[in-house]
Every structure is written in C-alpha cells, then in structure tokens.
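To keep things clear, I will list the structure first and then write my remarks on it.
Just so you know, all these numbers are worked out from the coordinates, no wet-lab data involved. Note that the structure is predicted; figures quoted are calculated from it, not measured. As a convention, Cβ positions derive from the backbone with ideal geometry for all residues, glycine included, and neighbour counts pool all protein chains shown.
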Amino acid sequence: MVLSPLVPLEAPSPAHICPADQACSYLEAAARELHLDQGVLTILSNPRKVVTVSIPIKLDNGEVRVFAGHRVQHCDILGPYKGGTRYHPAVTLQEVSVLAMLMTWKCALLGIPYGGAKGGIALDPNRYSVNELERITRRYTSELIKDIGPSVDIPAPDVGTSAREMAWMMDTYSMNVGHAVPGVVTGKPISIGGSRGREMATGRGVMIVVREALAKQGRAIADSRIVIQGFGNVGSAAALLLHQAGAKILAVSRGSGGIFAADGLDILALKAYSAEHDKNLKGFPGSVPISNAELLALPCDVLIPAALENQITTDNVDQVKASIVAEAANGPVSLEADRALEARGVTVLPDILANAGGVVVSYLEWVQGLSYVFWDEERVNREMEGLIVHAFQQVMEQSQMRQVPIRLAAYMLGVGRVAQALIDRGLYP
Ligand code: NAD
C-alpha cells in the first residue's frame, strides 16, 4: 500500500465566524435596513455547525489518497439544513461557509422551510475514475452519517456532482440505517424517488426571472440577445429554455473556452455536439471560438454567469455591456463590481433569487418523497414557477417601496424572515 501525503485539513477557525467579507457585507446591509438587533446579527453571521472529515481512498492503482471533505450547516431555524455538494479543486471551508449562508437566505426568500448548508470536497472529478468517485462519495457520506438525514440535513448536487453522486449518497445512508431513505438527498434519479423536472429546475428558474425582468422593461425573451458563461447543469438548461422561448443565445462557454455565433446558437444541436465531443464546444458548426474574457464583454441584453464565483470583478466590470445580469451561479459578481453595475443602472438579478429554481424543486422532491405521492413534470414546473414568480414580485416591490437595490431587497426579505423566526423561537437555553 503506497501512502500519499495527506491533503492538509483546514481546521475551523474564528475566521469562519463570518464566512467572508462579501457575504457578511450583504447580511450587514440588510440588518441595517431592517434595524436588526446586534445579537441577532451575530447569531446569523455564524454557521451553527462546521464539519471537516478526512476521506481516505484507495485509488485504482492501489495508492491511498486522503481528501478533506466539508459540510457547513449555517442555520436551521426554519427547518432542516439544505444545500449542495461541490466537487471542485478550489473548494475550501471558507467557500463552503459562504455558500451555506447564501442557502439560508435563498430558502427563506422563497418561503421554503429549510435552513442553509453546503458541502464540498477539494478535488477535480475529471481526474478520477467512476469507481474512485464512488468510493470517495460513499466514504464522505458515511463520515457525515450522524450529521445528515431527511429531517436534519439534505444534500443535493452542485458543481461537479449530479444525480449519480446523489444515488450513491442515498444508498450509503440507507445501508447504514438499515432501510431505504429517499428523503436524505434531492436531485437523485427518478428511479429512487427523484422529482421530474429537477434536472432543468435551476436553469428553468433562471429563464423565469430573466423573462420577468425583461417584461418589467417592456421587452420579451424572443427579442433578446443573451450570453451565458458556463455550460454545465445550470448554464445549458437556461440556454436551452431561453433558446426555445425565442432568444438569440450569442455565446456560451466552458472552463476550456467558449463559442460565439452572431445569429445565435442552436442549443439543442450544441448539446448533442458537446456530448459527442467530450464536453467540448469548440468546432461547433457556424460558431467561432471566444475566450471567457471576451464573452463577458460581448454586447447583449442579458448576461448570465452560470459557472463559478467572482467572474465579474473590478477588473472587467467596465466591459460588461448587458442591461441585465442574471446570477445563475452563486456569487459570480464581486461586491465592488455589484456597486459599479448598480451605479450604471444595470439590473442585477441576485443569485439567491435567480438560481433558486433548483432548491425549489429539491423542496418539491422532498415533499413528494415524504408523502409518497409523485407528480408529473407539468405540475412540478407549475408549482416551481408559482414560487419563483411570487418571490420575484416580492423582491421588486420591496426594492421599489424601500428604494433599495434589488439584491438588498432580496436579502432584506430572506434575512428578515429568518431573524423574525429566531426572535419568535427565542434563544435556547
Ligand atoms: P457544473 O459543474 O455542471 O457546470 C459548471 C460549468 O462552468 C461547466 O460548464 C464548466 O466548464 C464551466 N466553467 C468552470 N469554470 C469556468 C470559467 N472560468 N469560465 C467559464 N466556464 C467555466 O455546475 P452547475 O451545477 O451548473 O453550477 C454552476 C453554478 O450554479 C455554481 O455556482 C453553482 O453553485 C450554482 N448553482 C447550481 C445549482 C444546481 O442545481 N446545479 C443550483 C443553484 C446554484
């Protein structure tokens, strides 16, 4: 047995008392507007539980490698924790903490009885075989066995994970407790209790908020030119639905680069092409290659960052030409860039609203699993659309009524609901 060096585990530190400047700035701004008590703000600034586990795995070549896996549970005042599981080389405890907090505000904004959590392992899933990924996922799940469960914490897919990983997590949890527990994860295959519509849900939510925002400007999807960074779960679903609604999708990209077509891309054909070409976009007939930097600077009506955090920053915000930026990814616009866009009158649809379609359908999947009654896709989409449109309208009303930016309005609604629940429940003991 060959032992490779341990991936250094990051111990939870006081630095995680407030996950990151950006997340805390938005929270603090909302708290100021809401005149929240300092004690309430301090509680909401802290994750309730931070877990880091060591995941030792035998690789296919016999070598043993140890990964660090995190799960941060921010707040369960309104209900069980809920949040994705990310496999990406840049995963850190800090990042997972920020994303867990975002989930708390997102669920509260959408009126879903969950609290925020997030998990992740720092690894590049493309560098491991399916068997290795299965062992990693199963060991990670069993290390977290006491911290997750259908009424405790319900993981879902995120960057680098999919229905496949959720099935492994569900099976591992079920084998440990001795019976099938479909409600322990969402975003799982339909064969084991997954919901119809879940795969496209986050992209569908993005399409709905873009449609509503365009309508507020007196425009329609069919007359719009759209650019999308990231062509994964979320980006490709949003691209397809917007394309089917008549938009011109001028450009899309992956980490390896993107493609541009002045007359718009045929997204259905592109999905098929990408599947046949090892996820590559380059070489798609009728398109020219484009870098990610060029893509973000393209003239368009709607720019949809659907990849990772911090893609629009002070370095490139001046080049953004879109009149609407829809944050399909979590935290793709930095704090300073957000202020610059706001000052220029660009409509920024914040992540906690724009990408909430996924958690809404996760919630609907959990509800179906608990009731053992499963709905058709039309019903799932209808229920989801109702919740997203309602939240969109509430955010716009709040923004107008309080004369605050859209993001701050969304935070005020999310944070305000959690704070009120905390005040009503009181502080134990
Ligand atoms: P994914 O792994 O399926 O896709 C990510 C895409 O981004 C890939 O196409 C990848 O090649 C691309 N990418 C990575 N780095 C890039 C770069 N520098 N430039 C351009 N493209 C790059 O992940 P996903 O599930 O689609 O998640 C994307 C974002 O949406 C993340 O921020 C995630 O947290 C957020 N989100 C996802 C869901 C969900 O249901 N999957 C729900 C809410 C929010």
Dipole axis of the chain (+1 Lys, Arg; -1 Asp, Glu on Cβ), positive-most option in THR347, HIS243, GLY203: GLY203
Spacing of the two label points (7 Å from each Cα toward its C-beta) at ALA245 and ARG164, in nm: 3.1 nm
Percent antiparallel among DSSP beta bridges (both partners in the chain, rounded to 5): 45 percent
Lys, Arg +1 and Asp, Glu -1 on Cβ, resulting dipole of region 47-186 about Cα centre, debye, nearest 20: 200 debye
Where the Cα pairs of region 47-186 fall when distances are cut into 10 Å bins, in %: 13, 46, 33, 7, 1
Stokes-Einstein diffusion coefficient of the chain, Kirkwood radius over Cα pairs, 20 °C, 1.002 mPa s, in µm²/s: 98 µm²/s
Of LYS58/LYS279; LYS82/LYS106; LYS49/LYS82; LYS106/LYS321; LYS118/LYS321; LYS248/LYS321, those spanning more than 22 Å from alpha-carbon to alpha-carbon: LYS58/LYS279; LYS106/LYS321; LYS118/LYS321
Pairwise centroid distance, computed over Cα atoms, of region 65-101 with region 272-328, Å: 26 Å
Kirkwood estimate for region 276-399, i.e. one over the average of 1/r between Cα atoms, Å: 16.8 Å
Estimated 222 nm signal from helices in the chain, with DSSP H stretches of n ≥ 4 weighted -39500 (n - 2.57), rounded to 500: -14000 deg cm²/dmol
Alpha-carbon centroid distance for the pair region 159-195 / region 232-262, whole angstrom: 29 Å
Cβ-based exposure ranking for ILE312, ILE77, ILE43, ILE226, in which fewest neighbours within 10 Å come first: ILE43, ILE77, ILE312, ILE226
Stretch gain in nm, segment ASN46-LYS271, where the contour uses 0.36 nm per residue and the Cα spacing is subtracted: 76.9 nm
Antiparallel bridges, percent of DSSP beta bridges restricted to region 201-354 (to nearest 5): 30 percent
Projected label distance in nm at ASN280 and LEU59, using a 7 Å step from Cα toward the beta-carbon: 2.5 nm
Cβ-Cβ FRET estimate between ASP376 and HIS179, R0 fixed at 22 Å, reported to 0.05: 0.20
Within the chain: Cβ-based charge dipole about Cα centre, in debye rounded to nearest 20 (Lys, Arg +1; Asp, Glu -1): 360 debye
Computed over region 249-399: relative contact order in percent, which uses C-alpha pairs under 8 Å that are six or more apart: 15 percent
The chain: relative contact order in percent, alpha carbon pairs under 8 Å with at least 6 residues between: 16 percent
Interatomic Cα distance distribution for region 32-102, bins of 10 angstrom, percent: 16, 39, 26, 13, 5, 2
Among 355-362, 27-34, 61-68, the order from most to least packed when residues are scored by Cβ within 10 Å on average: 355-362, 27-34, 61-68
Protection proxy ranking, peptides 150-157, 89-96, average beta carbon neighbours within 10 Å, highest first: 150-157, 89-96
Student exercise, region 201-354 dipole from Lys, Arg, Asp, Glu Cβ charges, in Debye to nearest 20: 360 debye
Loop-located trypsin sites (Lys or Arg not before Pro) in region 291-358, at most 12 other Cβ atoms within 10 Å (DSSP): ARG344
Selection from GLN398, ALA275, ALA356, by position along the positive dipole direction of the chain (Cβ): ALA356
